[in-house]
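A.B. asks: One structure, pasted below without further comment.
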Amino acid sequence: MTSEEIKKILNNRDFLFFEDLARNSAKITEQFFGRTIGLYTPLYLSNYCSSYCTYCGFNSRNKIKRLKLTPEQIHLEMAQIVQSGIENILLLTGESYQATPLSYLKESVHIAKQYFTCISLEVHPMEEDEYRQLFAEGVDGITIYQETYDRPRYSEVHISGKKSDFDFRYNAPERIAKSGIRQISLGILLGLYDVAEDIYSLYQHLRWLEKNFPGVEFSISFPRLRKIKGLELPFGHVDDASFIKIICLTRTLFPRVGINLSTRETPFIRDHALGLGVTKLSAGSNTSVGGYALTLPQEQDPQFDIEDNRSLKEVVALLKDKNFDPVLTDWRPIKNDL
Ligand code: SF4
């Protein structure tokens, strides 16, 4: 499929076409994933960042309160989160190689192993050997979004810091796959650039990765750009209908790929996207550092505002009500005492 064909699909306002696309997507999703929806909770370890990305509230030039959890505080946050019953955790940081080096990430993963069975990271990109060390520590998955695949646009919005290195980021999924880590989540920030062009490039990237690393489980996210405090962003808005079409089209072209939906989206969109292609939801989220047990969220500026504030319990109840099977972990280690 070309970017022109993707554009035509996104611009097609014919209701029957939309319905066909959605029905087909729902059918494929059920065929490959059944009625299961994976759930995870994000935990922000630090908001230090040495990069300047114009669209992000954590950027190095933004004068916000900077925090980084100590090992004791990580224990407190995790002990609070695990009470909800979730076993799948996503650990996030801003991108600071100084504030959150590999040693800090390894220690955080080591602590997380005491509370959770499934651990993923969304942190700065690294070298293959560093990913290998994280794998040995027990990391199951890495999330790394290219944000936009258009090089000129990428340079315009990633002004300074390591994130401005397009190629180092683009090649990160390959390094992760080679390290042994079994789950990789890719994504673009919808609204940064021409949506059809970026989706086309994401699909190309994913196809190449699937072909070269068939043993890796890939998933995709499509976060929509949100405004950050005090900044008017001259970027495109992706409306709800186009957003749902993107999910359905992705499912149709990539039957086995996971599709994640975060609490950036409203309960209305999250509830309606269920069954159409989405396979994983974040739930009970707090995007402040120390937001679960330590700091009041209003005391700091989060990376983005949450639109769906429902607790994990409420999301689980909703899924059961809609005849879905909520999954709180991907796997559990078995002790063989024989
Ligand atoms: S998007 Fe990531 S690298 Fe860029 S400013 Fe935000 S936290 Fe830092």
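A.B. asks: Which condition number in (1) surrounded by 14 or more Cβ atoms within 10 Å (Cβ to Cβ); (2) within 16 Å of the ligand (Cβ to nearest atom) is the one that PHE18 fails?
C.D. replies: Every condition holds for PHE18 apart from (2).
A.B. asks: Here's a check for you: in the range 103-150, which residue that is more than 16 Å from the ligand (Cβ to nearest atom) and β-branched (Val, Ile, Thr) is nearest to ASP330 (Cα to Cα)?
C.D. replies: The qualifying residue nearest to ASP330 (Cα to Cα) is THR117.
A.B. asks: Please go through (1) touching a strand residue (DSSP E or B) at 6+ places or on another chain (Cβ under 9 Å); (2) among the acidic types (Asp, Glu); (3) under 27 Å from LEU206 (Cβ atoms) for GLU30 and return the number of the only condition it doesn't satisfy.
C.D. replies: Condition (1) is where GLU30 drops out.
A.B. asks: Output the residue which, of all residues in the range 253-301 that are touching a helix residue (DSSP H, G or I) at 6+ places or on another chain (Cβ under 8 Å), within 17 Å of LEU45 (Cβ to Cβ) and surrounded by fewer than 20 Cβ atoms within 10 Å (Cβ to Cβ), is modelled with the highest pLDDT.
C.D. replies: Per the criteria, the residue is ALA293.
A.B. asks: With the structure loaded, tell me whether TYR149 is out of contact with any Phe, Trp or Tyr (no Cβ under 6 Å at 6 or more places or on another chain) and assigned to a loop (DSSP other than H, G, I, E, B) or whether it fails that test. Walk me through it before giving the result.
C.D. replies: Working: out of contact with any Phe, Trp or Tyr (no Cβ under 6 Å at 6 or more places or on another chain): yes; assigned to a loop (DSSP other than H, G, I, E, B): yes.
It is true that TYR149 is out of contact with any Phe, Trp or Tyr (no Cβ under 6 Å at 6 or more places or on another chain) and assigned to a loop (DSSP other than H, G, I, E, B).
A.B. asks: Another question, if that's okay. With respect to LEU43, determine if the residue is within 16 Å of the ligand (Cβ to nearest atom), at pLDDT 95 or above and crowded, with 22+ Cβ neighbours inside 10 Å.
C.D. replies: Working: within 16 Å of the ligand (Cβ to nearest atom): yes; at pLDDT 95 or above: yes; crowded, with 22+ Cβ neighbours inside 10 Å: yes.
Yes.
A.B. asks: Another question, if that's okay. Given the residues GLN98, GLN183, GLN146, GLN114, which is the only one that is buried (at least 18 other Cβ atoms within 10 Å of the Cβ), in contact (Cβ under 8 Å) with a residue 12 or more places away in the chain and over 22 Å from LEU225 (Cα atoms)?
C.D. replies: Working: GLN98 fails: buried (at least 18 other Cβ atoms within 10 Å of the Cβ); GLN146 fails: over 22 Å from LEU225 (Cα atoms); GLN114 fails: buried (at least 18 other Cβ atoms within 10 Å of the Cβ).
It is GLN183.
A.B. asks: Sort out which residues of the range 59-84 are more than 13 Å from THR41 (Cβ to Cβ), of a type in the set (Ser, Thr, Tyr) and either within 21 Å of the chain's Cα centre (by Cα) or crowded, with 16+ Cβ neighbours inside 10 Å (or both), and write them in order of number.
C.D. replies: Within the range 59-84, just SER60 meets the criteria.
A.B. asks: Within the range 152-171, can you find the residues that are within 13 Å of the ligand (Cβ to nearest atom) and either assigned to a loop (DSSP other than H, G, I, E, B) or crowded, with 19+ Cβ neighbours inside 10 Å (or both)?
C.D. replies: Hits for the range 152-171 are TYR154, VAL157, HIS158, GLY161, LYS163, ASP165, ARG169.
A.B. asks: Report those helices (runs of 4 or more DSSP H) wholly inside the range 1-117 carrying at least 2 residues which are of a type in the set (Asp, Glu) and in contact with a helix residue (DSSP H, G or I) (Cβ under 9 Å, 6 or more places away or on another chain). Talk me through it step by step, then tell me what you get.
C.D. replies: Numbers: elements: 3-11, 15-33, 71-82, 102-112.
Result: 3-11.
A.B. asks: Among the residues of the range 202-242, write down those that are modelled with pLDDT of 95 or more and part of a helix (DSSP H, G or I).
C.D. replies: Correct list: LEU202, TYR203, GLN204, HIS205, LEU206, ARG207, TRP208, LEU209, GLU210, LYS211, ASN212.
A.B. asks: If a residue has to be surrounded by fewer than 14 Cβ atoms within 10 Å (Cβ to Cβ), in contact (Cβ under 8 Å) with a residue 60 or more places away in the chain and part of a loop (DSSP other than H, G, I, E, B) to count, how many in the range 313-338 make the cut?
C.D. replies: Counting residues in the range 313-338 that are surrounded by fewer than 14 Cβ atoms within 10 Å (Cβ to Cβ), in contact (Cβ under 8 Å) with a residue 60 or more places away in the chain and part of a loop (DSSP other than H, G, I, E, B) gives 4.
The values are calculated or read from the model by the stated rules, or taken from the named source; none is laboratory data. Everything numeric in this text was worked out from a predicted model, so none of it was measured. Note that each Cβ is placed from the backbone with ideal geometry, even for glycine, and that neighbours are counted across all protein chains shown.
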